[in-house]
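What follows is calculated from the coordinates using simple rules that are stated; it is not laboratory data. Keep in mind that what you see is a predicted model, and the values were worked out from it rather than measured. Note that we place each Cβ from the backbone using ideal geometry, even for glycine, and neighbour counts take in every protein chain shown.
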Amino acid sequence: MTSNDDNSSADSPADSSMDSALEAAYDALEAGRPDEALVEAARSEDPVGRALLECRAQITLGHLQAAAGALGRIAEALGDDDLDVLELTGEIALSAWDLDTAQSAFAAVLESEPDEPWILERLGLLADLRGDFAAGDEFVDRASALGDPPAPPVRVSEEAFDAAVESALGALAPTFRDRVKHARVVREPVPFRSLVEPEDPAATPPDILGLFAGASELDAPADSDLPPTIYLFKRNIERASGSPEQVAEEIRITLFHEIGHLLGLNEDEVAAMGLA
């Protein structure tokens, strides 16, 4: 399950000259409808604005080759040093788990925009992925201080996090609770590269909140070498939350979502059964 943070690079640019098609496209993208956003953007007569929207939407969809194609058109029009080009280069690289390229791109943006919270948060995530949690905290602290009003970053103890997991498991209906007993529920700070499918790295975004790995109930055991495991990524959940109470709610939502995948359900079925 990915982050539901609304402060992403998909935010609509503050541009009064944007045509109505692009405005509608960004509205759809911000509402979590990237396919609709692409349809709306296709009506725009602004080729660069259309390519910017297309790149952001394709990143959201995990279509990194299509996103890179749109980025190439943007770079040809604006230049490789344009801040949008650098930011999108970083986003595509991050989705592909090319952490060095993402680091270079976001650091270049930060040189020009040292008070951009989203870039600070991205650099914080990259520090976490390197295992440098102290540096990650510094970036998050800087981003949080730029809020209006400033908001302290959300951090909970490992004990409080684990207690919230146990509370969520205890709230499951007995029929679901019994079916989860054979699965491991593991807390990790952030995802790690061995969890990523090399053929489709975008399916496991670095800011993902939780992940199910192993054979579901509908799979034969031989379909996976891994025991059924639900991963919950503590620092990503904290990053996506605004309070300790929201951390507990994100744990519940993410845990139930991944339990749905353990049961072999798709996204729509997970929602229909009340597991998300």
Within the chain, percent of DSSP bridges classed antiparallel, to nearest 5: 45
Arg184 long-range amide H proximity, modeled H, under 5 Å: Thr229, Ile230
Folded to 0 to 90 degrees: helix 20-30 orientation relative to the chain principal axis, Cα: 20
Förster radius 22 Å - calculated FRET efficiency between Glu166 and Glu188 (Cβ-Cβ, nearest 0.05): 0.85
Kirkwood hydrodynamic radius (C-alpha pairs) into Stokes-Einstein, the range 14-71, 37 °C and 0.692 mPa s, D in µm²/s: 302
Distance (nanometres) between label positions extended 7 Å along Cα→Cβ at Leu195 and Asp46: 3.7
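Just to confirm the filter: which trypsin sites (Lys or Arg not before Pro) across the range 71-131 are DSSP coil and have at most 16 other Cβ within 10 angstrom of their Cβ?
Arg130
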The chain - mean residue ellipticity at 222 nm from DSSP helices (-39,500 (n - 2.57) per run, n ≥ 4, rounded to 500): -17000 deg cm²/dmol
Angle between the chain longest axis and helix 244-262 axis [Cα atoms, degrees, rounded to 10]: 70
Unit charges at the beta carbon, dipole of the range 44-173: most positive-side option, Pro153, Ala67, Gly136: Ala67
